[in-house]
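Since the structure comes first, as structure tokens, the remarks are kept for the end.
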């Protein structure tokens, strides 16, 4: 009997001890507080993990956009003639350009023969006029159009930022720019509107601006819009930062132009001296210098001088041009 009482007492004590262990030990040991602290830390880390994931996604999108930029730069080495005409602001067909080049070459060939330049000199002048002069004019028109675009782009981005902050959608802000901006910015933004109107996403339509205007600034604008359309974010802040970057690049470009103006003036003076001296000698003693274009040896020397002068001018141009 005593053994049964002791066994029951032992079992009751074990049961009470087990219940106490289950309910009182977490409170006394601080385990419940530790679990609560771990849960709070996990909740605090969740937004950080989400932010890190978003940043990783944006970084991947930027890397993809930069890879697309490098691919486009590789394709720029062989730009078709119709694209170059469009970039220069001309609505010519390639056939019209070739016809105009042939007409210029024929006119210069006839002028060289008329003044007694000989077949070799006339052929060289016709080649320069047919292949060099039209392409130089095309590059000049393209550069002038790009300069006008860059001059108006920061103000256009500011207009878009103010429109977004005022509550307008991005597409409506672009319409405001297309209505009030000067050329060629107006025509390029009208092309974005027309491209988006036929069903293309706005981000892709803005990315195609680089194809018509191959400038880093135009590509920056397309990348910002494309990333915002894909992943969201504060577009007004992103475009505001872009506007600051565009203005800083403009200041840097003007500073480089001012610092390189002395070298450009030297190149212009050195390059213009031989033709000026040649013209003055022709005015004083034409029979002395006319051997350069009447005698075969003189024609060969004249062609060699033109080639070497052109190489020197191109080398000096490369030395004073800076990419940034």
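Since every read-out is calculated from the coordinates, none of them should be taken as a lab result. Just so it is clear, the model here is predicted, and its values are computed rather than measured. Note that we place each Cβ from the backbone using ideal geometry, even for glycine, and neighbour counts take in every protein chain shown.
Structure summary
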read-out: Gap separating the Cα centres of segment 215-246 and segment 153-207, nearest whole Å; value: 12
read-out: Relative contact order %, segment 250-323, counting alpha carbon pairs below 8 Å whose residues are six or more apart; value: 35
read-out: Whole-number percent relative contact order across segment 145-249, with pairs defined as alpha carbons under 8 Å at least 6 apart; value: 29
read-out: P(r) of segment 198-324 over all Cα-Cα pairs, binned every 10 Å from zero, in whole percent; value: 10, 23, 19, 15, 14, 11, 6, 1
read-out: Per-peptide average of other Cβ atoms within 10 Å, ordering 280-287, 267-274 highest first; value: 267-274, 280-287
read-out: At 1.002 mPa s and 20 °C, Stokes D of segment 145-249 from Kirkwood alpha-carbon radius, µm² per second; value: 160
read-out: Estimated FRET transfer efficiency (residue 81, residue 295; beta-carbon r; R0 51 Å; 0.05); value: 0.85
read-out: Quotient of C-alpha Rg and 2.2 N^0.38 Å, computed over segment 250-323; value: 1.50
read-out: Nitroxide proxy distance, nm - points 7 Å out along Cα→Cβ at residue 282 and residue 238; value: 5.9
read-out: Residue 166-residue 320 FRET efficiency (beta carbon distance; Förster radius 41 Å; 0.05 resolution); value: 0.40
